[in-house]
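Participant: Sending over a structure as structure tokens; questions will come in a sec.
The values are calculated or read from the model by the stated rules, or taken from the named source; none is laboratory data. Note that the structure is a prediction, hence the values are computed from the model and not measured. Cβ atoms come from the backbone with ideal geometry, glycine included; neighbour counts cover every protein chain shown.
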């Protein structure tokens, strides 16, 4: 049981007890601010530059993540969001590839291999530590806070024992719900973004954070890849936004009179 759920149940228990005893009570709304993880007071602008993405071919993790974060920041941040083309970060990063990191495709073109697994992102990581490159980008866009990183969005399959609720009726037609454990094959998607925040004035990394979200469906249930992507991004957006701005948790407290 999570802490918020436990507090809600506790509040209901207090209400029930006071009602039984004839005491009066009232609820007071509470707001608890959470301080941002990163001090952005020195910036007026923010540039979501783009991402090195891989996994599913049905979703362009670079373009979709850039668009979504820019949209959210316009509504949730005091920083001015810079509108510009998504930077070709994968191409920029390949300029520093060693020969061992390059492959030749069927057409004879030499370049990086497809990004399918997490380890395929490792050769690109050097780009985020390239201070000169990011300082140059910062100078071009008036020294903003830069958001970049990697996005892995990939299909996954999993099988095992799953507990679900099942309705049953006795001989008198009375309904009850009982937990049933069954073996199921499920498929879905996993989203693993890494957000990197870079100081556009110096080109240095200020902060980075990894996230992981997944969704699984019954094997006979289909869900478009793009819909699943947005469902998973919706779960982690509050954590992303809390890095840059103060977020407020709202609740209530029961007081006895």
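Participant: Among the residues of the stretch 119-135, write down those that are over 22 Å from residue 237 (Cβ atoms), assigned to a helix (DSSP H, G or I) and touching a residue at least 40 places away in the same chain (Cβ under 8 Å).
Facilitator: 120, 124, 127, 129, 131, 132, 133, 134, 135
Participant: Does at least one position in the stretch 1-12 carry a residue that is surrounded by fewer than 14 Cβ atoms within 10 Å (Cβ to Cβ), at pLDDT below 65, more than 26 Å from the chain's Cα centre (by Cα) and in a loop (DSSP other than H, G, I, E, B)?
Facilitator: Taking every residue of the stretch 1-12 in turn, none turns out to be surrounded by fewer than 14 Cβ atoms within 10 Å (Cβ to Cβ), at pLDDT below 65, more than 26 Å from the chain's Cα centre (by Cα) and in a loop (DSSP other than H, G, I, E, B).
Participant: To continue, here is another question. Out of 143, 163, 136, which single residue is within 21 Å of residue 38 (Cα to Cα) and over 23 Å from the mean Cα position of the chain (by Cα)? Break it down into steps so the answer makes sense when it comes.
Facilitator: Values: 163 fails: within 21 Å of residue 38 (Cα to Cα); 136 fails: within 21 Å of residue 38 (Cα to Cα).
Criteria check complete, one pass: 143.
Participant: Please identify the pairs in which a residue from the stretch 46-59 that is touching a residue at least 12 places away in the same chain (Cβ under 8 Å) has its Cβ atom under 6 Å from the Cβ atom of a residue that is part of a loop (DSSP other than H, G, I, E, B) and crowded, with 23+ Cβ neighbours inside 10 Å, counting only partners at least 6 apart or on another chain.
Facilitator: From residues that are touching a residue at least 12 places away in the same chain (Cβ under 8 Å), the pairs are 46/144; 47/144.
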